[in-house]
Amino acid sequence: MSSIVTERFIKCHDKLREDKVVRSSRQFAMALDYLPQSLSEILKLRRDVTIELLRKSVEVYNINPVYLYTGDGPMFMSEDVSNNMRMLTIVTNASGDEKILHVPVPAQAGYASEINNPTFIEELPAYTLPDYKYKVGTHRSFDVAGDSMEPTLFEGDKVICSYLEPNLWTNSIKDNYVYVVVTRGDVLVKRVYNKINENKRFILVSDNDYYDPYPVDIVDVKEMWYVRAKLSPFLPSPSNISTMVHDEVKELRSTLTQQSRVIKNLNESMERFMKDNRLVEKI
């Protein structure tokens with residue numbers, strides 16, 4: 001028995017042929033790197049459409065995935081909608097709960113180009129966390145590479161992130177928050193300033209002052225992940241803790257000294273003001 005998704009997929013295929021977007025089912029299959037014989041079995045309702053074939057059909061023919069899975073909306077996406085649409089592969093456990101996928105440094109080089117490859121995604125390490133907030137929505141973690149985010153994040157830290165749909169970028173991405181930005185060729189952990197309304201780009205800022213801010217056009221951004229937490233393999237030693245406390249106390253003492261000076265100067269100014277006023281009254 002065929003699934004309802006397969007039936008909708010066939011309707012999309014038939015519509016493409018009716019509108020002469022494709023000349024034949026064979027051309028349709030070849031454009032999707034799919035065997036025409038296997039497509040014929042799907043069209044005859046002898047087998048169900050595969051996830052990979054659905055992914056390719058969305059990518060090549062702008063078939064609307066919302067229509068395929070729910071029956072709502074148009075069969076095909078407009079160019080603007082298709083440019084903003086992302087297919088996100090997820091991994092679930094036996095109970096159907098979504099797992100958190102981890103993208104280590106070695107996998108980050110190919111991550112941007114393999115985002116839509118289910119095989120690549122399914123081979124990433126997967127795990128779960130007990131906190132309820134990580135059971136709602138899609139989450140992914142990434143290794144931090146380099147020193148550009150020191151002292152906030154260090155190389156070897158892992159950031160746990162929640163996925164942001166592209167249609168939410170304009171209003172949901174807040175200035176000066178930390179995000180993982182997946183571009184066409186890189187995975188970046190940066191503070192982000194949202195300039196979509198001004199010039200359709202983000203400004204990426206490092207916490208390490210050695211690195212200058214730079215812009216990234218949103219057309220070059222494939223995914224945005226909001227950093228919610230970090231896992232660090234490093235714990236400060238007792239000597240480091242003492243140094244940190246000493247530095248903080250020193251900084252606090254300096255701040256208090258500066259404030260005392262400001263208050264003293266303010267009192268002296270007020271006394272002079274009152275004295276001048278008394279002299280004026282006597283005159």
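The values are calculated or read from the model by the stated rules, or taken from the named source; none is laboratory data. Small disclaimer: the values here were computed from a predicted structure and weren't measured. No Cβ is skipped: glycine too gets one built from the backbone with ideal geometry, and neighbour counts run over all protein chains shown.
When the residues of the range 177-228 are filtered to those that are touching a Lys or Arg at 6+ places or on another chain (Cβ under 9 Å) and basic (Lys, Arg), which remaining residue is modelled with the lowest pLDDT? Only one residue tops the list, namely 184. For the range 121-149, filtering for residues that are out of contact with any helix residue (DSSP H, G or I) (no Cβ under 9 Å at 6 or more places or on another chain) and of a type in the set (Asp, Glu) leaves 3.
Taken together, 113, 40 contain a single residue that is farther than 14 Å from residue 13 by Cα, in contact with a Lys or Arg (Cβ under 9 Å, 6 or more places away or on another chain) and part of a helix (DSSP H, G or I), which is 113. Restricting 70, 128, 119, 92 to residues that are more than 29 Å from residue 4 (Cα to Cα), surrounded by fewer than 16 Cβ atoms within 10 Å (Cβ to Cβ) and β-branched (Val, Ile, Thr) narrows the list to 128. Cβ-Cβ contacts under 7 Å between residues 6 or more apart (or on different chains), taken from a first residue in the range 124-141 that is within 24 Å of residue 111 (Cβ to Cβ) to a second residue that is among the acidic types (Asp, Glu) and surrounded by 13 or more Cβ atoms within 10 Å (Cβ to Cβ), are listed as 138/98.
Looking across 79, 123, 59, one residue alone is at pLDDT 85 or above and of a type in the set (Asp, Glu). It is 123. Once the range 92-101 is narrowed to residues that are more than 23 Å from residue 168 (Cα to Cα) and not hydroxyl-bearing (Ser, Thr, Tyr), the residue that is modelled with the lowest pLDDT is 96. Among residues that are modelled with pLDDT under 90, among the acidic types (Asp, Glu) and under 19 Å from residue 222 (Cα atoms), residue 72 is not included.
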